[in-house]
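Novice: Let me begin by handing over the structure; questions about it come next.
The values are calculated or read from the model by the stated rules, or taken from the named source; none is laboratory data. Bear in mind that the values here come from a model prediction, so they are computed numbers and not experimental data. Cβ: placed from backbone, ideal geometry, glycine included. Neighbour counts: every protein chain shown.
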Amino acid sequence: MDDKIIEIKNVNKSYSDKPVVKNISLSIRRGEFVTLLGPSGCGKTTTLRMIAGFEQPTSGTILFNGEDITTLPPHKRNINTVFQKYALFPHLNVFGNIAFGLKMKTVPDGEPKTDKRGNTIQKMRHLTKAEITEKVNNALKMVDLEDYGHRAVNSLSGGQQQRVAIARALVNEPQVLLLDEPLGALDLKMRKDMQLELMQMHRQLGITFVYVTHDQEEALTMSDTIVVMKDGEIQQIGTPTKVYDEPANAFVADFIGESNILSGTMVKDYCVDISGHKFECVDKGFKHNEPIDVIVRPEDIKIVAVNDKQCLIEADVLSCVFKGDHYQVTALTHGDERNEIVIHDNVEVKVGDVVGLYIKPFDFHIMHKSRLINELDGEIWEENVVYMCEGKFPCVTQLAEGTKVHVKVDFDDVELVDDEEDGTIGATIISAIYKGSYWQYIVRTDDYYNFFVDNDYEWSIGDRVGIKIAPDKLCIEEVKDEKEV
Amino acid sequence: MKRKFRFRLTRRAFAYPYMIFLLLFVVVPLVIILINAFLDENSKLTFANFVEFFSDAGGGLTVLGNSLIIGLVTTLICLVIGYPCAYFLAKYHASSRVFVLMFILPMWVNFLIRTLSTKAIFMALNVKLGMGTVMFGMVYNYLPYMILPLHTTLVSIDHSYIEAAEDLGADKMAVFLKTILPLSLPGIVSGITMTFIPAISTFAISEILSGSKIFLFGDAINMHFSKTTNSFGVGSVMSLVMLVLVVVANVIVNLTSKDEEATSVL
């Protein structure tokens, strides 16, 4: 209980009605290395900025050592930040930058005084020059920049500036260090070195680190706990092993590490059906024939001979690439509905070979689908036109103009077109997950309506597309009674 | 083979019209002033003009001293009024476009008309014309030149510096004194240049707003070139002194801003 240093409770943040962080709750233990991980725009930096005090939550509370600091200004928080672009003061040299926080600081001067009313008052004083010099020099030593105190910050390399930024934050002995993608601007080699150094500092100092990154590898390497975020919501909180081995949903599986994500149905407890093949698994408690997502990590699939008794399914090898410590094999499964599977194994196979695949029951990770059908509210605009998501979709209906309706569309009935103008409404691809034989996209309209779309063609995240829906694919129901809601 | 002259439209060609303009209206007048400074009324070579000015026979040096003091005071007042103004305009940037415009708007009106109307207002209010009204006119006239460069610099200060300072324990006052003020130094320097240099060479403002009682250097030069006095020689010497002063001021300003860069590079 007591070792929680930061507690975030039901925090929301919106910028001019656009929600960025949605009802986040999270507690961080003292001394922990927590990473907020997610794609850009997932709200991780906003969450960090709320902990630092630069932003105030629209609602919710943030506790620091059990005290409410939701509206406390940043300079009163015993928390320091390493900024993404370092934000080193250009008018001060390295020494001046690191000393900045120390010069602001006041400490009890050791001579308690008694005022007229008899209260003892701890008189505060600024640090002396000698104290500041000593602390700054220690900080410089910690980041291996002992002789750089007199240098101007602009004359340092990116890696050195990064170290100064870290020293500038740590010299104040904060209880929590916040790091906002601190290694983003460094090259790969430097990044790897800094990762190890940061981990070492964390171990030595024993203070809490809250780290923000979009780099899943960085998160897996460094953290005690990973908080995976998407769209302002927490997807999963867990140790790196847990998040990697037991992803909470298809998004987490796709974002962290490589994975095969397939659609299937739960036939019964301990039995999953993927494209007509039944496999043994260790999950239970799903509804009968419930549609689910199945995730299998490439390294959990073993290539066996077709006649081997372990063989669960046969597949044609499409490609085989040597990756140093393993071969990356893509294979197309046999059957009516064929899926493309990625396998990491240390056997070399030839393109065109037919191989058998074996997967242990506990390597099938089964999870509920986040949405089964697109459901939207709209209104009949005129004859055979429904108005929803700020767009006018042609439809087939007998309902009269102005009727409030509830519209359902299957994922694979939503068409995407390259030219925004050709669609009924324009939208941006915000998520793309390959499901073995097709892509599942989440596309967001300009007014923040999300559509789930199953599609054979490939788009990238951030692409603009047009959304088109065939009139007869819109399943329209009149909203009968408002009391229902 | 005959070489034919061909006019080629290179990038350099675009500079010719301005070069010609510069030659005709800047270089030639300067040369004329230089020559005039060494000529007496009968167009004979003489140093009398210099002697007259530097011996302060016609009170020229005193006027120059007054001008410099008034210029300095004007610049100081402009800075004191202009900085907070630019600061708040920059802070509430998004909503302040209109307000920035309000400060620039007076610059669109001819300064003589502005100054004459200021005088009319003072007269109507029964304010006695004198040093106070002259200072008011000067500050009113040059304030936009102070605010504009300050505003530009303040707006371009990266907000992350302010956040970093807050993060390191600086309260609002400390954030201002330790980050915003030093970071806006280039703006202060260019604001001072843009105010001080025109302020020491200004004319008409002092004459109009003091009821012809206070003469500044610009007015003095203007007087020397008028038909009645017709002492072009001394006027030219004064113009040259002015020119030297402006050059010196510019050099000093450049040196200080160079120092800025130098310390940040070292």
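Novice: Quick check: anything in the range A:392-404 of a type in the set (D, E) and within 25 Å of A:M266 (Cβ to Cβ)? Lay out the reasoning, then the answer.
Specialist: So the first thing to find is which residues in the range A:392-404 are of a type in the set (D, E), and the list is A:401.
Retained after the next criterion (residues that are within 25 Å of A:M266 (Cβ to Cβ)): none.
Within the range A:392-404 (the criterion being of a type in the set (D, E) and within 25 Å of A:M266 (Cβ to Cβ)), the answer is no, since none of the residues qualifies.
Novice: What about A:Y448, is it among the aromatic types (F, W, Y) and either surrounded by fewer than 17 Cβ atoms within 10 Å (Cβ to Cβ) or part of a loop (DSSP other than H, G, I, E, B) (or both)? Walk me through it before giving the result.
Specialist: Working: among the aromatic types (F, W, Y): yes; either surrounded by fewer than 17 Cβ atoms within 10 Å (Cβ to Cβ) or part of a loop (DSSP other than H, G, I, E, B) (or both): yes.
Against the criterion (among the aromatic types (F, W, Y) and either surrounded by fewer than 17 Cβ atoms within 10 Å (Cβ to Cβ) or part of a loop (DSSP other than H, G, I, E, B) (or both)), A:Y448 qualifies.
Novice: Of everything in the range A:239-264 that's at pLDDT 90 or above and surrounded by fewer than 18 Cβ atoms within 10 Å (Cβ to Cβ), which residue is nearest to A:K369 (Cα to Cα)?
Specialist: Result: A:K242.
Novice: Tell me the strands (runs of 3 or more DSSP E) entirely within the range A:267-315 that contain at least 2 residues that are in contact with a strand residue (DSSP E or B) (Cβ under 7 Å, 6 or more places away or on another chain), at pLDDT 85 or above and more than 23 Å from A:A331 (Cβ to Cβ).
Specialist: On the way: elements: A:271-274, A:277-280, A:290-296, A:301-304.
Counting at least 2 such residues, we get A:290-296.
Novice: Can you tell me how many residues within the range B:39-71 are touching a residue at least 12 places away in the same chain (Cβ under 8 Å), of a type outside the set (D, E) and under 13 Å from B:V237 (Cα atoms)?
Specialist: Selection size over the range B:39-71: 9.
Novice: Among the numbered criteria (1) in a strand (DSSP E or B); (2) not assigned by TED's automatic domain parsing to the domain that holds A:Y449, which one does A:F362 miss?
Specialist: (1)
Novice: For residues that are among the polar types (S, T, N, Q) and closer than 30 Å to A:G149 by Cβ, scanning just the range B:211-266, find the one that is modelled with the highest pLDDT. Walk me through it before giving the result.
Specialist: Step one: of the range B:211-266, the residues among the polar types (S, T, N, Q) are B:212, B:222, B:226, B:228-231, B:236, B:239, B:250, B:254, B:256-257, B:263-264.
Cutting the leftovers down to closer than 30 Å to A:G149 by Cβ gives us B:254, B:256-257, B:263-264.
On the way: B:N254: 76, B:T256: 72, B:S257: 66, B:T263: 42, B:S264: 38.
In this case the residue turns out to be B:N254.
Novice: Restrict the check to the range A:203-212 and report whether at least one residue is in contact (Cβ under 8 Å) with a residue 24 or more places away in the chain and within 14 Å of chain B (Cβ to nearest Cβ).
Specialist: We begin by selecting, within the range A:203-212, every residue in contact (Cβ under 8 Å) with a residue 24 or more places away in the chain; these are A:205-212.
Those still in the list that are within 14 Å of chain B (Cβ to nearest Cβ) too: A:210.
For the range A:203-212, residues in contact (Cβ under 8 Å) with a residue 24 or more places away in the chain and within 14 Å of chain B (Cβ to nearest Cβ): present.
Novice: Something else: Of all residues in the range A:57-83, how many are farther than 13 Å from A:K9 by Cβ and in contact (Cβ under 8 Å) with a residue 40 or more places away in the chain?
Specialist: 8
Novice: Continuing with the same structure: Testing B:K128 on (1) part of a helix (DSSP H, G or I); (2) over 18 Å from B:S201 (Cβ atoms), one condition comes back false. Which one is that?
Specialist: (1)
Novice: So, one more: If you scan the range A:265-297, which residues turn out to be within 29 Å of A:M229 (Cβ to Cβ), surrounded by fewer than 22 Cβ atoms within 10 Å (Cβ to Cβ), in contact (Cβ under 8 Å) with a residue 40 or more places away in the chain and among the charged types (D, E, K, R)?
Specialist: Within the range A:265-297, A:D283, A:E290, A:R297 meet the criteria.
Novice: Can you tell me which residues in the range B:52-67 are crowded, with 17+ Cβ neighbours inside 10 Å and at pLDDT 85 or above?
Specialist: B:V63, B:L64, B:N66, B:S67
Novice: Among the residues of the range B:113-167, write down those that are among the small types (G, A, S) and either closer than 30 Å to A:A165 by Cα or within 14 Å of chain A (Cβ to nearest Cβ) (or both). Spell out how you get there, then give the answer.
Specialist: Looking only at the range B:113-167, we keep the residues that are among the small types (G, A, S), and these are B:117, B:120, B:124, B:130, B:132, B:137, B:156, B:160, B:164-165.
Hits for the range B:113-167 are B:S156, B:S160, B:A164, B:A165.
Novice: While we're here: Among the numbered conditions (1) among the β-branched types (V, I, T); (2) within 29 Å of B:L177 (Cβ to Cβ); (3) within 14 Å of chain B (Cβ to nearest Cβ), tell me where A:T46 comes up short.
Specialist: All conditions are met except number (2).
Novice: Which of the residues spanning the range A:16-33 are within 17 Å of A:Y211 (Cα to Cα), part of a strand (DSSP E or B) and either in contact with an Asp or Glu (Cβ under 7 Å, 6 or more places away or on another chain) or free of Cβ contacts under 8 Å to residues at least 12 places away in the same chain (or both)?
Specialist: Once the filter is applied, which keeps residues that are within 17 Å of A:Y211 (Cα to Cα), part of a strand (DSSP E or B) and either in contact with an Asp or Glu (Cβ under 7 Å, 6 or more places away or on another chain) or free of Cβ contacts under 8 Å to residues at least 12 places away in the same chain (or both), the range A:16-33 yields A:S27, A:R29, A:F33.
Novice: Name the helices (runs of 4 or more DSSP H) wholly within the range B:150-220 that hold at least 2 residues that are within 27 Å of the chain's Cα centre (by Cα) and over 30 Å from B:L112 (Cβ atoms)?
Specialist: Working: elements: B:159-167, B:172-175, B:185-201, B:205-209.
Per the criteria, B:185-201.
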